[in-house]
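Single-structure report; data block below.
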Amino acid sequence: MRIGSNNLEGDRSDIWSASQPVTGSAGCSSVRPVSEALEHLSRQLLAAVDDSLVSVPQADLFIGLSERLRALPPPRSVRAQTLPVVDEWLAAAVAAAPEPWSDLAHALLAASSRLPWLMAYENLDPSPGLEAFQRHYSFALLAGPSFRGHQPPQIDDQMIAGFSIQAPQVLYPPHHHAPPELYGIISGAVEWQIGDTWTLKGAGDTAIHRAHESHAMRSVGQPVLTWVCWPHGAASHVYMPSLDPPNSSMAPISY
Ligand SMILES: [Fe+2]
């Protein structure tokens, strides 16, 4: 389904919604025991974010992020799913993660079967350019609002914190959004475009995107594993002009 509006904050029918109840894989409404693997992953992600915020430029864009992560409710078991790109590449990306990011990588692998790994931009009309990306990329939120029937283990209406896996030789097309964004690369090598500048990044590097600053990621010879945070604006649209028809470029799409 395409959200076909040229209004930047127009049709919001397919954006994040935190109103759905937590359900387990069997569809029951009872809350399952807290997952030790998810708790460990949450702690590891917080440590990675704290470490990055000490040294990143423009850290003022992410004031309060660590506090929001610490204030999240404990992770709960949710309906999980995997995708072929995760099954094919996650273990290899984790094995390639160097110290000290190996601990976070292994925490993600241990918790992976408890996360909802999703395909990106399912609301866009099919196209060869989109499919070339979609089949080779997945993201999983540890924290954030409910999204298309999937709940992350830690519900939060405002912020997003999660992970992505991108197969080798894949372009995540240029896109932008209002909330600032902080990425940390856990494993792999990736050419990262911010504005008009391409930079080769690897494990331990970070990437910061300011409001509506275009960015793209092209993986090189290895799968790329990242963590990613939006400190606020979880319900914001993502814009991917190259995959919109010419007469509706900038049409809002939900992440
Ligand atoms: Fe982004």
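The numbers here are math on the coordinates, done by the rules we state, and not lab data. Just so we're clear, the structure is a prediction, and the values are computed from it rather than from any experiment. No Cβ is skipped: glycine too gets one built from the backbone with ideal geometry, and neighbour counts run over all protein chains shown.
Here's how it looks for residue 148: its modeled amide H is under 5 Å from those of 17, which are all 5 or more places away or on a different chain. The Cα-based radius of gyration of the stretch 36-248, divided by its Kirkwood radius, gives an Rg/Rh of 0.92.
Give the calculated FRET efficiency between residue 36 and residue 92 to the nearest 0.05, with a Förster radius of 30 Å applied to their Cβ-Cβ distance. For residue 36 and residue 92, the calculated efficiency is 0.75.
In the stretch 58-158, what GluC sites (Glu not before Pro) fall in a loop by DSSP, with at most 15 other Cβ atoms inside 10 Å? Display every interim value, and only then the final one.
Details: sites: 67, 88, 122, 131; in loops: 122.
Passing sites in the stretch 58-158 are 122.
Of the residues 73, 85, 199, the one whose Cα sits farthest towards the positive end of the charge dipole of the stretch 36-248 is 73 (charges of +1 on Lys and Arg Cβ, -1 on Asp and Glu Cβ, taken about the Cα centre).
What FRET efficiency do you get for residue 113 and residue 50 if R0 is 22 Å and r is their Cβ-Cβ distance, rounded to the nearest 0.05?
Values: r = 26 Å, r/R0 = 1.20.
E between residue 113 and residue 50, to the nearest 0.05, is 0.25.
Each peptide in 149-155, 193-199, 60-66 gets a packing score, the mean of other Cβ atoms within 10 Å over its residues, and the list from highest to lowest is 149-155, 60-66, 193-199. For the peptides 186-192, 159-165, 71-77, the ranking by packing is 159-165, 186-192, 71-77, with the highest mean count of neighbouring Cβ atoms within 10 Å listed first. Each part gets one Cα centre, and for the stretch 140-170 versus the stretch 55-127 those centres are 7 Å apart. In plain terms, the residue of 36, 181 with the fewest other Cβ atoms within 10 Å comes first and the most crowded comes last, giving 36, 181.
Can you give the FRET efficiency for residue 196 and residue 66, using 1/(1 + (r/R0)^6), R0 = 25 Å, r = Cβ-Cβ distance, to the nearest 0.05?
On the way: r = 31 Å, r/R0 = 1.24.
Taking R0 as 25 Å, the efficiency between residue 196 and residue 66 is 0.20.
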